[in-house]
Amino acid sequence: MNQPEVKSPAAHHYTTGMVLLAAAGTFALTMGARQSMGLFLFNLNTSTGLGIASISLAFAIGQLWWGLVQPFAGIVADRVGAGRVIVTGILMVSAGTVLIPYMTTTLGLIFAIGVLAAGGAGMAGPSVMMAATTRLIPAEKRGMATAIVNAGGSFGQFLFAPLAAGVTALAGWVVAMQTLGVLTLLALPAAWILRGNSRQLAATSNATAGSQAGNETQNETTGQAVRRALADPSYRMLCAGFFVCGFHVAFIATHLPGVVDSCGLPPAVGAWALGVVGLFNIVGSLGMGWLLSWRGGLWRMKSLLSLVYAARGIAVVIFLLSPKTEAVFLIFASVIGLTYLSTVPPTAGLVAKFFGPANMATLFGVVMLAHQLGAFLGAYLGGKAFEWTGSYNWMWYADIMLAVGAALIHLPIREALPQRLASAAQLG
């Protein structure tokens, strides 16, 4: 009979660096494989003849399923332990990615891309990685730690996109896709380091996590925690903002190579553009971690989120008004990269700040579900917009409007002042 994982005393001997390497490395491998799949969109269309919209549906369902899996993966990780969840997820990503080239129907692609690869990436995804990191890293290091884990996913994209393009040129797209699937297996040893569950440290962690919720989270059931979170307007606004992030990210990851192709540029530009997004997202994620930690956390997380979404909208406007050259695409990719997933550390930080670490994987998983509902629409509507109009312009217009909405919706979030500002206010 299987027993729940327990946090072994030996886990305390893992250094912060080992924990971050395990979490960031796992996220790099699963995210790198997943975020590079847009490079194969036109290859799949040529091979199957299903049409861009049908293949985009498989990618879109993958985006949705990635989000749907995360709250449930978070529940299991919080209660039973992260180790088994991560192992299962890695194996699913590998199997799904290897099987994709053999699928010749829309349902087959939905199964391989949407159920196996995306579901596995959700199980070994940010909700479980962030919760495991929060559990194993001291409270004062969590801002930068979550940024490093998030940057790991970006490094995977930076590494895998050019690698996939190179292998495709040498051996074909089938070998390239299967190479990505095999490489994800390198993450399996990380599950041992990240094993354990959040509930075991809830009592001690709540005292040091800076939670606005206090000790009331310690003995909550999962249902109680989710209901209490959904009753909080600030949590709902956070979910709405992350919905927009998902729309942006999925559209770009799935269709940026198609945008490049529609502009008559070589396919290599699309691969390098996705790689540049990943590279600069490392800078953006680490920069966000530095801002979260700067001078004891001087910035409010909600303010940083508003700035990121506003910057993203401005970048799209400038891109639309610019000539579509290789240099413009790479510059646009670098700017988008700075804002791409730098939303994750402050979003995860707000969830921990509001409710503490006891149900962190579950509650952040719900936020990720909102993200992936947006991602479903971004991936699917990108394909439909191109099918209907022959261009992606209307998707870019939607990106701009949603960015403005996201920048505004974070402003009313009720976030306590950073401790330094609160102390200054009391002295004043």
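Coordinate-derived values only; no laboratory data. Quick caveat, the model's predicted, so the values are computed rather than measured. As a convention, Cβ positions derive from the backbone with ideal geometry for all residues, glycine included, and neighbour counts pool all protein chains shown.
Tabulated results
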| item | result |
| --- | --- |
| Within the chain, helix-based [θ] at 222 nm, where runs of 4 or more DSSP H residues each add -39,500 (n - 2.57), nearest 500 | -24500 deg cm²/dmol |
| Euclidean distance between Cα centres, region 36-81 to region 267-285, Å | 20 |
| Separation of the residue 401 and residue 16 label points, Cα + 7 Å toward Cβ, nm | 4.5 |
| Residue exposure sequence - 340, 380 - by fewest surrounding Cβ within 10 Å | 380, 340 |
| Extension gain, residue 47 back to residue 321 (0.36 nm per residue minus Cα-Cα distance, nm) | 95.2 nm |
| Selected from 337, 172, 96 as most flexible by GNM, with the chain as the system and alpha-carbon contacts under 10 Å | 172 |
| Where Cα atoms sit under 30 Å apart: lysine pairs in the chain separated by 8 or more or lying on different chains | 6 |
| Kyte-Doolittle at least 0.0, axis length at least 30 Å by Cα - qualifying DSSP helices, the chain | 52-79, 142-171, 233-262, 267-293, 301-321, 360-389 |
| Most fluctuating residue given options 244, 367, 175, as computed from a GNM of the chain linking Cα atoms under 10 Å | 175 |
